[in-house]
Amino acid sequence: MFRHAIAAPYGASLVQDLVLRIKITDVRLWTNYFNSKAEERSLIKDYPRLQDLTIRYRGPRYNPLLTPEQNVVAWLKDSKLEEVIVSARGSVPDTKVEICVRVPEDWRTAAWETMVAKAVLERGEPLKRNKDYTYILGVWMKLETEGT
């Protein structure tokens, strides 16, 4: 898909870490790429040594009519986010997802942490945190509000 952008002739075959920016409007394009088995169009074929994939996902916007907690629930239940996670998880063993959202200045970071922890526990999973990320839906996920 874009391995031609890497300068070295075999550069793509050496890439182990990759960061992709995915907008909600482009989800289908990316999930088809992640799931493809085609020789000429596949994440696995383009990057055979890929170990760590970070997806910076620009999904639904902050809704001022909802509470911060309701916004977090809406972001976590976004069907397109789930589609990205399921397809990426099947391609790369270590996948991280950063939900990129502009939030108001008075945003309460605790709302994210509380609602993600609640969602994990509702799924019957153990709560695992790693620095800035929480493990949910089979990926390490965090909210990115700065420089989205």
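Overview of results
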read-out	value
Tally of residues being surrounded by 12 or more Cβ atoms within 10 Å (Cβ to Cβ) and either in a strand (DSSP E or B) or basic (Lys, Arg) (or both) across the range 113-138	6
Strands (runs of 3 or more DSSP E) contained entirely in the range 1-112, each with at least 2 residues that are in contact with an Asp or Glu (Cβ under 7 Å, 6 or more places away or on another chain)	52-58, 94-100
Unmet requirement for residue 141, which otherwise passes all of (1) out of contact with any strand residue (DSSP E or B) (no Cβ under 9 Å at 6 or more places or on another chain); (2) outside any helix (DSSP H, G or I); (3) within 18 Å of residue 31 (Cβ to Cβ)	(1)
Options 109, 95, 25: the member that is within 18 Å of residue 143 (Cβ to Cβ) and surrounded by fewer than 14 Cβ atoms within 10 Å (Cβ to Cβ)	109
Only listed residue being touching a helix residue (DSSP H, G or I) at 6+ places or on another chain (Cβ under 9 Å), surrounded by 15 or more Cβ atoms within 10 Å (Cβ to Cβ) and of a type in the set (Lys, Arg), chosen from 49, 58	58
In the range 48-85, residue farthest from residue 141 (Cα to Cα) [restricted to those that are without any contact (Cβ under 8 Å) to a residue 24 or more places away in the chain and not small (Gly, Ala, Ser)]	65
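Where a number appears in this text, it was derived from the coordinates with a stated rule and is not lab data. What you see is a predicted model, and the numbers here were worked out from it, not measured in a lab. Note: ideal-geometry Cβ built from the backbone for every residue, glycine included; neighbour counts use all protein chains shown.
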